[in-house]
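Just below is one structure, and these are the notes that go with it.
Where a number appears in this text, it was derived from the coordinates with a stated rule and is not lab data. Model, not experiment: these values are computed from the prediction. Every residue, glycine as well, gets a Cβ built from its backbone with ideal geometry; the counts of neighbours run over all protein chains shown.
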Amino acid sequence: MSGVIGGTGTFVAGKLAEVMARRGEHWYALVVAIAKIGLVPFLVWFFLAFEFVPALMIYFILAFFGGFYLAPTFAMIQSLVRPEMRAVAASICLFVLNIIGLGIGPQGVGILSDLLAEDYGNESLRYSLMIFSLVNIWCGVHYYLASRSLKSGIAQARGEAVPG
């Protein structure tokens with residue numbers, strides 16, 4: 001489910017960002033900012049769901065929007081560096097994503113779950129995951145901030161005059 005629905009979401013995000021970027025390159029980042037912040041209520045709802053079927057229905061939404069950042073992010077990265085630097089830029093992005101997502105994230109969730117265990121017992125993992133999902137707000141804010149300087153960054157990478 002995650003592969004097909006998540007892959008579809010990634011594709012849709014790329015197409016949406018491409019269409020919206022015709023209005024301005026800042027939309028590459030704004031599409032992600034809106035999706036990241038808009039995802040948070042569904043994440044909280046998912047982690048508070050106690051019934052399987054409603055949780056599964058919410059998860060369809062989460063799976064679709066979970067990878068929404070991928071296509072626009074890599075498009076931005078490729079646009080912000082000179083052509084000879086694109087492979088290195090993409091690899092650095094993937095390295096950072098994996099260090100945070102597969103390294104720090106699970107470790108942090110486990111530590112917080114242990115800290116919450118005294119008050120929440122077997123539900124501590126649920127609440128730890130829900131708290132960590134709020135990082136999407138922070139991500140969305142930073143994508144928004146990036147949107148404000150994206151046009152000048154892309155112009156600079158192209159060797160064009162940077163708008164003042």
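Rounded if a/c is under 1.5, else prolate if a/b beats b/c, else oblate: with a ≥ b ≥ c from the C-alpha gyration tensor eigenvalues square-rooted, which is the range 1-86? Display every interim value, and only then the final one.
Working: a/c = 2.84, a/b = 2.30, b/c = 1.23.
Prolate, since a/c reaches 1.5 and a/b exceeds b/c.
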- Equivalent ellipsoid dimensions for the chain as semi-axes, Å, which come from the Cα gyration tensor, largest first: 33, 18, 14
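Could you tell me which of rounded, prolate or oblate describes the range 54-113, using a ≥ b ≥ c as the square roots of the eigenvalues of the alpha-carbon gyration tensor, with rounded for a/c under 1.5 and, failing that, prolate when a/b is larger than b/c and oblate otherwise? Please report the intermediate quantities before stating the final value.
Values: a/c = 4.93, a/b = 1.54, b/c = 3.20.
Cα axes put the range 54-113 in the oblate bin.
Report the far tail of the P(r) of the range 76-164, meaning the percent of Cα-Cα pairs longer than 20 Å.
Details: 2176 of 3916 pairs.
Cα-Cα pairs in the range 76-164 separated by more than 20 Å: 56 percent.
Once the Cβ-Cβ distance between TRP45 and HIS142 is put in as r, and R0 is 22 Å, what FRET efficiency do you end up with, to the nearest 0.05? Show your work: numbers first, answer last.
Working: r = 24 Å, r/R0 = 1.08.
My answer for the efficiency is 0.40.
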- Identify the chymotrypsin sites (Phe, Trp or Tyr not before Pro) of the range 1-81 meeting these criteria: DSSP loop state and at most 10 other C-beta atoms within 10 Å of the C-beta. PHE50
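Quickly rank 79-89, 132-142 as a protection proxy: mean count of other C-beta atoms within 10 Å, highest first.
Details: 79-89: 13.0, 132-142: 15.6.
Top of the packing list down: 132-142, 79-89.
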- Task: Apply the Kirkwood formula to the range 115-164: the hydrodynamic radius equals the inverse of the mean of 1/r over all pairs of different alpha-carbon atoms; give it in Å with one decimal.
- Result: 13.9 Å
- Note on the structure: In the chain, helical segments from DSSP H whose Cα atoms cover 24 Å or more along their own axis and that average at least -0.5 on the Kyte-Doolittle scale are 2-20, 27-48, 135-157
